[in-house]
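Worksheet for the structure shown next.
Derivation of every value follows stated rules applied to the coordinates shown; laboratory data play no part. What you are looking at is a predicted structure, and each value in this text was computed from that prediction instead of being measured. Glycine also receives a Cβ, built like all others from the backbone with ideal geometry; neighbour counts cover every protein chain displayed.
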Amino acid sequence: MNQAIVVNSPSIDTKAAFDSDTFNASVMNTYGRFPLAIEKGEGCLLWDTEGKEYLDFVAGIATCTLGHAHPALIEAVTSQIKKLHHVSNLYYIPEQGELAQWLVDHSCADKVFFCNSGAEANEAAIKLVRKYAHTVLDFLEQPVILTAKSSFHGRTLATITATGQEKYQKGFEPLVDGFAYVPYNDITALENAIADIDEGNRRVAAIMIEPLQGEGGVRPGDLPYFLRLRKICDENNILLVFDEVQVGIGRTGKLWGYENLGVEPDIFTSAKGLAGGIPIGAMLCKDSCAVFEPGNHASTFGGNPFVCAAGLTVLQTIEQESILQNVQARGEQLRVKLRAIALKYPDLFVDVRGWGLINGMEINSDVELTSIDIVKAAMSEGLLLAPAGTKVLRFVPPLIVSEAEVDRASEILETVISKIG
Ligand SMILES: *Cc1c(COP(=O)(O)O)cnc(C)c1O
């Protein structure tokens, strides 16, 4: 036996095995976790506390843009933390300015506000809409924000209200005033809602929507719907707000989800992939609606030097390593493979859809099988997948995923399905 290997490998003799009971004794019971404790990662691979290897097609739920332990990200955060990691927005933060400038140069936005998560970015957008309604839209007293059914916008009180799914709202009433819901991709329903919500000082001030619904089942927006939506907003003085938290930062093969739809929002939000797994959120908007003034909104951690250095590195790496091309090619490759599996098991699967590296595979509603069943089976074969609701499997690997890794993931999935089907 090679002694060097014995000394360096995580040894079950010297390290206590991970104990979920001990974990659950002190961590709040808010997640239905899978029985897996992850210890380290590299690229698109992860290893659990027992040394078992997994191919990661979850990426921290569409967050680890550059995968795990990417050399550029390691270098950026290491050198930044040695220099300065946090000061407060009482002062100018050069890294924040650099990240904002990159985002403005590479999007339709003119101004950026930084916070720490997707929900917070959406909260900032909701506040901006209300301020705009009160100050610009004829002092509108009761602005309503329309959102889509099956949407997901976060877990704060305002964002669960914005989220068009009862399961996230139940038990947390009273919800926040000023929201109404329309079915996704349905222009008639939208026009009716705008007409219905229009009396005196109450009218629709904004439509907040995902270019592709992620959590709600990986449902891409319809091109004609979004073109019409933009027109309706222009004609009625309504702000168009896109939640780009999951689909932004190259996930769809374009930098922003809205580029797939040929329209620009007035306001949009970003978070998950923006700093590759370091907590960050951003709310971006055009100058025409940048109505916040000093004191209107703030965040202690928002845009600190550490996260901004990470964000800037993620974005520069996407550019320098031509990652968008990889997302397009690997996404196409993955959909071809998934469609072949779906064709082989037509009783089990009804649809494969997505853009770039956010893809969903929908399970037939007539079968008892759920997305969680397949996720668990794939996990035991070494492939990590995420559910998007009870009937859709979600594939959101790091954007650096290789051709061989997409092949391997498809092979594992096929093995899993052949055992189930
Ligand atoms: C994940 C997600 C959010 C919430 O982001 P958090 O960082 O968890 O607050 C909001 N909107 C969309 C579209 C998301 O996918």
>> Under a crude label model (7 Å from the Cα following the beta-carbon direction), how far is E173 from Q316 in nanometres?
In response: 5.2 nm
>> For R394, R353, which order do you get if you count the other beta carbons within 10 Å of each Cβ and list the fewest first?
In response: R353, R394
>> Order 167-180, 262-275 from most to least packed using the mean count of other Cβ atoms within 10 Å.
In response: 262-275, 167-180
> Once fully extended, how much extra length lies between D19 and D373, figured as 0.36 nm per residue of separation less the alpha-carbon to alpha-carbon distance?
Replying inline: 125.1 nm
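For a quick check of your reading of the filter: which GluC sites (Glu not before Pro) in the stretch 300-372 sit in a DSSP loop and have no more than 10 other Cβ atoms within 10 Å?
Working: sites: E319, E321, E332, E362, E368; in loops: E321, E368.
Hits after loop and neighbour filter: E368.
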> Using unit Cβ charges (K, R positive; D, E negative) and no other charged atoms, how large, in debye to the nearest 20, is the dipole of the chain about its Cα centre?
Replying inline: 200 debye
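Net charge within 14 Å of L369 by Cβ-Cβ distance, Lys/Arg positive one each and Asp/Glu negative one each, not counting L369 itself? Could you put the intermediate results ahead of the total?
On the way: positive: K376, K391, K419; negative: D347, E362, D366, E368, D373.
Residues near L369 contribute -2 overall.
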> By how many degrees, 0 to 90 and rounded to 10, does the Cα axis of helix 94-105 deviate from the longest principal axis of the chain?
Replying inline: 70 degrees
> By count of other Cβ within 10 Å, fewest leading, how are K419, K391 ordered?
Replying inline: K419, K391
> Under the Karplus relation 6.51 cos²θ - 1.76 cosθ + 1.60, θ = phi - 60°, what is the ordered set of whole-Hz ³J(HN,Hα) values for the stretch 301-315, x standing for Gly and Pro?
Replying inline: 7, x, x, 6, x, 5, 5, 5, 5, 5, x, 4, 5, 4, 5
> Could you give the length gained on full extension between R339 and H297, defined as 0.36 nm per residue of separation minus the Cα-Cα distance, in nm?
Replying inline: 10.5 nm
> Applying the Karplus parametrisation 6.51 cos²θ - 1.76 cosθ + 1.60 with θ = phi - 60° to the phi angles of the stretch 386-401, what ³J(HN,Hα) value in whole Hz is obtained for each residue in order, glycine and proline being reported as x?
Replying inline: 10, x, 10, x, 7, 10, 10, 8, 10, 10, 9, x, x, 6, 8, 3
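Can you tell me the order of 241-250, 197-206, 24-33 when each peptide is scored by its average per-residue count of other Cβ atoms within 10 angstrom, highest first? Write down the numbers at each step before the final one.
Numbers: 241-250: 29.3, 197-206: 16.6, 24-33: 8.1.
Sorting 241-250, 197-206, 24-33 by mean packing, highest first, produces 241-250, 197-206, 24-33.
How big, in percent, is the set of alpha carbon pairs in the chain lying more than 41 Å apart? Write down the numbers at each step before the final one.
Values: 14868 of 88410 pairs.
When every Cα pair of the chain is considered, 17 percent fall beyond 41 Å.
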> Given H placed on each backbone N at 1.01 Å, which residues far from A206 in sequence or on other chains put an amide H within less than 5 Å of it?
Replying inline: V144, L146, L239
> Non-local amide H neighbours of G276 (under 5 Å, H modeled in plane, Pro and chain starts lacking H): which ones?
Replying inline: T65
> Can you give the alpha-carbon Rg of the stretch 347-396 over 2.2 N^0.38 Å, where N counts its residues?
Replying inline: 1.07
> Relative to the longest principal Cα axis of the chain, at what angle does helix 323-344 sit, 0 to 90 degrees, rounded to 10?
Replying inline: 70 degrees
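Relative contact order, percent, of the chain when contacts are C-alpha pairs under 8 Å separated by at least 6 residues?
Numbers: 809 pairs, mean separation 90.5, N = 421.
Over the chain, the number comes to 21 percent.
For the chain, what does the helix formula give at 222 nm: sum of -39500 (n - 2.57) over DSSP H segments with n ≥ 4, over the residue count, nearest 500 deg cm²/dmol? Kindly include the intermediate steps, with their values, before the conclusion.
Numbers: 14 runs with 160 residues, N = 421.
After summing the helix terms and dividing by residue count, I get -11500 deg cm²/dmol.
In the stretch 34-128, what GluC sites (Glu not before Pro) fall in a loop by DSSP, with at most 15 other Cβ atoms inside 10 Å?
Values: sites: E39, E42, E50, E53, E75, E95, E98, E120, E123; in loops: E50.
Listed in order of number, the matching sites are E50.
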>> Give me the extension gain from V27 to I74: residue separation times 0.36 nm, minus the current Cα-Cα distance, reported in nm with one decimal.
In response: 14.1 nm
> Where does each of C233, C64, C44, C108 land when they are ranked from fewest to most other beta-carbon atoms within 10 angstrom?
Replying inline: C108, C233, C44, C64
> Once both labels are modelled 7 Å past Cα along the beta-carbon direction, what's the I197-K52 spacing in nm?
Replying inline: 4.7 nm
